[in-house]
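Here the structure comes first, spelled out in structure tokens, and everything after it is commentary.
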Amino acid sequence: MATLKTIRMRLKSVKNIQKITKSMKMVSAAKYSKAERDLKAARPYGLGAQAFYEKAEVVPEENKDKKLVVAVSSDRGLCGAIHSNISKTIRSMLATEDKENVKLIFVGDKVRQQLQRLFGKNILMHFSDIGKKPPTFNDAATVAKNIIDCGYNYDQGVLIFNKFRSVVSYKTTQIPIFSLDAINSAKKISVYDSLDDDVVKSYQEFSLACLIYYAMKENATSEQSSRMTAMDSASKNAGEMIDKLTLTFNRTRQAVITRELIEIISGASAL
């Protein structure tokens, strides 16, 4: 049986943990509210770029295998399965692909850390310091510029992120990203007037930044809502543990008192 001192120390430790998780829940709730407001303003960027590709019927180039995977996560944890879901999606994808023709770009360190050992040779670049502050369009533009300037000429690409659905729900989503050649060879690109090579190239760069910005905002909102839910669950679990430890402490204390009384009475009877 554990001693009263051991139980008291453990009870104090769990109470301190509960204070931390409650504080983190309150902070995440405030950040979630702001992230949700920012997401409403950011969605037209991503949906507009996707609508253009759909209307122009842009598709990946056939019989070409070079693939680029951009995974959007963050540097922070304690937010449920946000990062592991993206890792599982990438692992499933690479299980059916020729790994030699796939390059990975990580926005945020968490997913990179999970996949570094398995797919270290496939990592083209990664970006840190994501998630500490709300993502901005400048952050997305920096990522897009580095992707374009890296010199890797991909034939088809995919952007993987967590799409926000509700406070308690999100979905790991994939949206395609297209190379310049794929856009130029689209079936209905000719319906847009005055499109020369420079205009198409500029739009491809801008749309890539828009899609990354949209993905970062969706993922940031999903992360905050997931962290808020995780910290709420942790606080409830800590509360249940506190109740059990309190009961154990009271029973142990009562047993100690009873034993001491028996010893006193036995000693008095012996005299």
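Of the residues making up the range 140-159, just one is under 21 Å from the mean Cα position of the chain (by Cα) and open to solvent by 60 Å² or more (accessible area, probe 1.4 Å), namely 142. Within the range 1-22, residues that are open to solvent by 100 Å² or more (accessible area, probe 1.4 Å) sit with their Cβ atoms under 8 Å from residues that are polar (S, T, N, Q), at 6+ positions apart or across chains, in these pairs: 1/252; 22/235. In the set 249, 178, only one residue is in contact with a helix residue (DSSP H, G or I) (Cβ under 7 Å, 6 or more places away or on another chain), hydrophobic (A, V, I, L, M, F, W, C) and under 28 Å from residue 50 (Cβ atoms); that residue is 178.
The listed residues are 258, 229, 221, 246, and the only one of them that is assigned to a helix (DSSP H, G or I), open to solvent by less than 20 Å² (accessible area, probe 1.4 Å) and β-branched (Val, Ile, Thr) turns out to be 221. Taken together, the criteria place residue 132 among residues that are farther than 27 Å from residue 184 by Cα, among the basic types (Lys, Arg) and open to solvent by 40 Å² or more (accessible area, probe 1.4 Å). Scan the range 191-199 and tell me whether some residue there is in contact (Cβ under 8 Å) with a residue 40 or more places away in the chain and surrounded by 18 or more Cβ atoms within 10 Å (Cβ to Cβ). Checking the range 191-199: not a single residue is in contact (Cβ under 8 Å) with a residue 40 or more places away in the chain and surrounded by 18 or more Cβ atoms within 10 Å (Cβ to Cβ). Scanning the range 178-190 for residues that are touching a residue at least 40 places away in the same chain (Cβ under 8 Å), among the small types (Gly, Ala, Ser) and in a helix (DSSP H, G or I) yields a single hit, 182. Within the range 184-205, not a single residue is at pLDDT 95 or above and hydroxyl-bearing (Ser, Thr, Tyr). Per this entry, residue 106 is not counted among residues that are among the hydrophobic types (A, V, I, L, M, F, W, C), modelled with pLDDT of 90 or more and farther than 30 Å from residue 23 by Cβ.
Restricting the search to strands (runs of 3 or more DSSP E) fully inside the range 69-168 and requiring at least 1 residues that are touching a helix residue (DSSP H, G or I) at 6+ places or on another chain (Cβ under 8 Å) and touching a residue at least 60 places away in the same chain (Cβ under 8 Å) gives 102-107, 156-166. Out of curiosity, is residue 88 more than 25 Å from residue 37 (Cα to Cα), under 13 Å from the mean Cα position of the chain (by Cα) and loosely packed, with under 15 Cβ neighbours inside 10 Å? It is true that residue 88 is more than 25 Å from residue 37 (Cα to Cα), under 13 Å from the mean Cα position of the chain (by Cα) and loosely packed, with under 15 Cβ neighbours inside 10 Å. Selection of the range 161-188 for residues being over 20 Å from the mean Cα position of the chain (by Cα) and surrounded by fewer than 18 Cβ atoms within 10 Å (Cβ to Cβ) yields 180, 181, 184, 185, 187, 188. Of the residues making up the range 23-40, just one is acidic (Asp, Glu) and open to solvent by less than 50 Å² (accessible area, probe 1.4 Å), namely 38.
When the range 71-83 is filtered for residues that are open to solvent by less than 40 Å² (accessible area, probe 1.4 Å) and closer than 12 Å to residue 109 by Cα, the ones remaining, listed by number, are 71, 72, 73, 74, 75, 77, 83.
The values are calculated or read from the model by the stated rules, or taken from the named source; none is laboratory data. It should be emphasised that the depicted structure is a prediction, and the values quoted were computed from it without experimental measurement. So basically every Cβ, Gly included, is an ideal-geometry build from the backbone, and we count neighbours across all protein chains shown. Only protein heavy atoms, including side chains, enter the accessible area calculation; ligands, DNA and RNA are left aside. Shrake-Rupley method; radii C 1.70, N 1.55, O 1.52, S 1.80 Å.
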